[in-house]
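K.L.:
Before I ask anything, let me first share the structure, which is written out below as structure tokens.
The values are calculated or read from the model by the stated rules, or taken from the named source; none is laboratory data. None of these values were measured; they are calculated from a predicted model. Positions of Cβ are backbone-derived with ideal geometry, glycine not excepted, and every protein chain shown enters the neighbour counts.
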Amino acid sequence: MYRGTLNVNKTQALELLSLADKYIQEDLRDKCANALVHNLTSENVSEMLDLAREQDLFLLKDWCAKFLQNRMDLNNLPQFIQGLNALNPEYETENRQVIETAVDYALGQMSAILRLDDEEVVNLIEDFLETNISIENIVKLTLIFENFEKKMANLRETVLDFVCTYKEVLKGKGLAGKLPWNFHHHKPKRNEQKPKEDGKMSIESKAESTSKESPRKALKRMDPSNHSIEEEEEETGPILKKTK
């Protein structure tokens with residue numbers, strides 16, 4: 001059994017963790033996890049979260065979640081987003097919880113984001129929000145809709161299309177009445193639904209190729225059972241996913 005504390009950096013902790021697994025040293029594994037907790041940054045927290053899940057390092061997993069919730073600000077939001085985009089898709093359900101934390105933060109800071117001079121950062125945040133539009137956050141997106149202006153024209157159009165496409169789902173969940181009046185008169189540009197070979201549906205732009213990912217793909221990953229797409233939407237609501 002390994003005795004004592006570890007005062008190591010991330011790379012050294014990862015190397016020791018590998019040895020602990022090889023020689024089945026649970027005490028050393030715990031100390032490695034604790035060392036990794038002390039080396040968490042906005043750049044590596046998503047990587048560490050994936051590691052914690054794969055290695056069943058519960059302490060590290062909990063601290064990654066706390067880090068994401070408490071350390072997010074405008075200065076490190078781009079690093080957080082880049083890490084979240086790289087999360088292991090095998091943990092889709094857990095990823096949604098973490099991603100929603102970042103989405104909520106970004107929506108709450110939208111006024112400040114729109115004043116940023118760094119166009120690359122603004123575009124990164126816009127793409128992140130557009131990729132993660134869901135029933136859970138669509139009302140918040142529409143409430144700040146008028147603030148998107150031309151700076152986030154793509155996001156604005158995707159929000160409008162999402163509302164129009166899933167109008168009946170929104171009505172069924174009692175959310176339609178919470179949307180601004182102008183959302184009820186929009187005709188989507190991406191309003192054609194076409195089944196793919198795997199049975200999933202995709203929302204296509206008439207002017208774009210058929211390569212867009214299904215807006216229900218995330219739900220399919222979340223619930224691999226044999227429920228129909230309609231049953232899944234009724235239970236959880238659709239999630240719009242966009243691939244570039």
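K.L.:
Considering each of VAL169, VAL163, VAL122 in turn, give the residue that is under 17 Å from the mean Cα position of the chain (by Cα) and β-branched (Val, Ile, Thr).
P.N.:
So the residue among VAL169, VAL163, VAL122 that is under 17 Å from the mean Cα position of the chain (by Cα) and β-branched (Val, Ile, Thr) is VAL122.
K.L.:
Determine the pairs where a residue that is farther than 14 Å from PRO180 by Cα and of a type in the set (Ser, Thr, Tyr), located within the stretch 140-168, has a partner that is at pLDDT 80 or above and crowded, with 18+ Cβ neighbours inside 10 Å with Cβ atoms under 6 Å apart, the partner being 6 or more residues away or on another chain.
P.N.:
Close Cβ pairs satisfying both conditions: THR158/GLU130.
K.L.:
Let me ask something else about it. Within the stretch 105-137, track down each residue that is small (Gly, Ala, Ser), buried (at least 18 other Cβ atoms within 10 Å of the Cβ) and assigned to a helix (DSSP H, G or I). First the steps, then the outcome.
P.N.:
Of all residues in the stretch 105-137, those small (Gly, Ala, Ser) come to 106, 108, 111-112, 134.
Still in the running and buried (at least 18 other Cβ atoms within 10 Å of the Cβ): 106, 134.
Of everything in the stretch 105-137, just one residue is small (Gly, Ala, Ser), buried (at least 18 other Cβ atoms within 10 Å of the Cβ) and assigned to a helix (DSSP H, G or I), namely ALA106.
K.L.:
Take the residues in the stretch 1-53 that are β-branched (Val, Ile, Thr) and within 20 Å of the chain's Cα centre (by Cα), then tell me which one is nearest to GLN69 (Cα to Cα). Can you show your working first?
P.N.:
Of the stretch 1-53, the ones β-branched (Val, Ile, Thr) are 5, 8, 11, 24, 37, 41, 45.
Next, only the ones that are within 20 Å of the chain's Cα centre (by Cα) stay: 41, 45.
Working: THR41: 13, VAL45: 11 Å.
If we take residues in the stretch 1-53 being β-branched (Val, Ile, Thr) and within 20 Å of the chain's Cα centre (by Cα), then VAL45 is nearest to GLN69 (Cα to Cα).
K.L.:
Mind checking which residues of the stretch 1-42 are surrounded by fewer than 14 Cβ atoms within 10 Å (Cβ to Cβ), assigned to a loop (DSSP other than H, G, I, E, B) and modelled with pLDDT under 90?
P.N.:
MET1, ARG3, GLY4, THR5, ASN7, ASN9, TYR23, ILE24
K.L.:
Return only the number of the condition from (1) in a helix (DSSP H, G or I); (2) under 17 Å from the mean Cα position of the chain (by Cα); (3) buried (at least 20 other Cβ atoms within 10 Å of the Cβ); (4) not charged (D, E, K, R) that MET72 does not satisfy.
P.N.:
(1) is the only condition that MET72 fails.
K.L.:
Let me ask something additional. Would you please name the residue that is surrounded by the most Cβ atoms within 10 Å (Cβ to Cβ), looking only at residues in the stretch 85-100 that are among the charged types (D, E, K, R) and farther than 18 Å from LYS66 by Cα? Please lay out each step first, then the result.
P.N.:
Going residue by residue through the stretch 85-100, those that are among the charged types (D, E, K, R) are 90, 92, 94, 96, 100.
Filter again for farther than 18 Å from LYS66 by Cα, leaving 90, 92.
Values: GLU90: 11, GLU92: 19.
Result: GLU92.
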